[in-house]
Amino acid sequence: MKTTLAVLMGAMMLMTGFAQAQTLKGDALVAALRKGGYVILTRHTSSPREVPDKKTANPDNTKPERQLDEEGRTTATAMGKAVRDLKIPVGQVFTSPTYRALETVKYAQLGTPKPVPELGDNGQSMAGGTEAQAAWLKKAVAQFPSGNNTILVTHSPNIRGAFPQLTDVADGEALVYGPDGKGGATLVARIKIEEWPTLK
């Protein structure tokens, strides 16, 4: 009876979703990322909602736009250091063209980013994101590289538009996508920005 129950429970787990069986944590997550083949979708790190004035804007923030605060700069730096210390290979880095997203990549030292409008906020900050951008993002997280990992840096509205079930993505949080075995993508891990330095 117990064996039959176990078999039934196993079958139910398979039917309820491949993603559940593929959740990665700790050592298994690091080992998987070291092998590459994943897409890491990241929200830019902490940034006040207010646009800085000329006195408080960074010298190169000439428009000016929203920029990272001290927490955003510190956590982006720590995240990038952790990625390098863990020897996680990074290939292409695509980012929103906004200043705060580009700053996130800069402080993390993730490589030379490629700004793409599909990851941007359309100048609307927290109200940005269109259906076309959501469709683009859903397709982008299923473009798996070989031997390294792709990084996408974007905004909360873009993530919510593409993945409405993810309503609580924090500043700097990373969503790790891997193959779902059906030609698409599945979410295999979520990494809070402060968790990167604790991974081993």
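The values are calculated or read from the model by the stated rules, or taken from the named source; none is laboratory data. The structure displayed is predicted, hence computed values, not measured ones. Here the Cβ is made from the backbone with ideal geometry for all residues, glycine too, and neighbour counts use every protein chain on show. For accessibility, only protein heavy atoms count, side chains too; no ligands or nucleic acids. Shrake-Rupley method; radii C 1.70, N 1.55, O 1.52, S 1.80 Å.
Between the Cα long axis of helix 131-140 and the first principal axis of the chain there is an angle of about 60°, rounded to the nearest 10.
Extension gain for residue 74 to residue 124 (0.36 nm times residue separation, less C-alpha to C-alpha distance): 15.5 nm.
Taking 76, 57, 31 in turn, the Gaussian network model of the chain (Cα-Cα springs below 10 Å) assigns the largest fluctuation to 57.
Surface composition of the chain: carbon plus sulfur atoms contribute 57% of the solvent-accessible area (1.4 Å probe, protein chains only, all chains present).
When the pairs 114/182; 35/87; 81/139; 25/200; 138/182; 87/139 are compared against a 19 Å limit on Cα-Cα distance, 114/182; 81/139; 87/139 fall above it.
Separation of the range 69-124 and the range 135-200 by C-alpha centroid, Å? Centre-to-centre distance over Cα atoms comes out at 14 Å.
Using only Cα atoms, find the angle between the long axis of helix 99-108 and the longest principal axis of the chain, and express it within 0 to 90 degrees, rounded to the nearest 10. Approximately 70 degrees, to the nearest 10.
With a probe of 1.4 Å, find how much accessible area the chain has per residue, and write the answer as a whole number in Å².
Solvent-accessible surface per residue comes out at 54 Å².
On the beta carbon distance between residue 180 and residue 62, with R0 = 45 Å, the FRET formula returns roughly 0.55.
Between residue 25 and residue 51, the modelled label-to-label distance comes to 4.3 nm, taking each label 7 Å out from Cα in the direction of the beta carbon. Of the three principal axes defined by the Cα atoms of the chain, the extents in descending order read 73, 37, 28 Å.
With a/c under 1.5 counting as rounded, go ahead and sort the range 129-188 into rounded, prolate or oblate using the C-alpha gyration tensor (a ≥ b ≥ c being the square roots of the eigenvalues; past the cut-off, prolate if a/b is larger than b/c, else oblate). Mind dumping the intermediate values first?
Numbers: a/c = 1.70, a/b = 1.42, b/c = 1.20.
It comes out prolate by the Cα gyration axes.
Sorting 195, 65 by solvent-accessible area of protein heavy atoms yields 195, 65, largest first, with a 1.4 Å probe.
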